[in-house]
Amino acid sequence: MIGRLNHVAIAVSDLDAAVRTYRDTLGARVSAPLRLPEHGVVTIFVELPNTKIELLAPLGEDSPIAKFLARNPDGGIHHLCYEVDDILAARDRLKADGARVLGNGEPRIGAHGKPVLFLHPKDLCGTLVELEEA
Ligand code: CO
């Protein structure tokens, strides 16, 4: 059911410092920042030949990554994003197997303008998983 690894997301408290690390030290191509108020984050994508790294920084008062950064002040791997062909079919199959979909269970539009869903880490080997319809 899952396809390509679309991206690995790393939560950071200092987006400028993270950009300097990826662009200047590691020599990667880095996108402009994208503010996603409805997700409570600012994202920057690092383009790698085989996948992407999503740098995530909090936006607004009750950002969903604020608690994560309080526990991981240096930043850390936050989620993995897998591509699926049909996000509603994927969701229904996961729910039938007992996996919990975060939020209201309906896909939202993610950073690439495509529908995304997040799945509870407790149901997926301790890893927060994002599904994106590719
Ligand atoms: Co993501």
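What to note about this one:
- Sorted on the mean count of surrounding Cβ atoms within 10 Å across their residues, most packed first, peptides 97-108, 10-21 read 10-21, 97-108.
- In region 31-75, the ratio of gyration radius to Kirkwood radius, Rg to Rh, stands at 1.02 when only Cα atoms are counted.
- Estimated 222 nm signal from helices in the chain, with DSSP H stretches of n ≥ 4 weighted -39500 (n - 2.57), rounded to 500: -4000 deg cm²/dmol
- Figure legend: label point modelled 7 angstrom from the Cα of Lys95 along Cα→Cβ; residues of region 115-134 with amide N under 15 Å from it are 116-120.
- Compactness of the chain, expressed as Rg and Dmax over alpha-carbon positions, Å: 14.7, 45
- Share of pairwise Cα-Cα distances greater than 16 Å in region 1-64 is 45 percent (whole percent).
- Amide N of region 1-41 lying under 11 Å from the label point, which is placed 7 angstrom from the Cα of Asn50 along Cα→Cβ: 5
- Its residue count N sets the reference 2.2 N^0.38 Å, and the alpha-carbon radius of gyration of region 25-103 equals 1.31 times that reference.
- The percentage of C-alpha pairs in region 71-134 whose separation is greater than 19 Å is 29%.
The numbers here are math on the coordinates, done by the rules we state, and not lab data. Worth saying up front: this structure is predicted, and the values here are computed from it rather than measured. With ideal geometry, Cβ positions are generated from the backbone for all residues, glycine too; neighbour counts draw on all protein chains shown.
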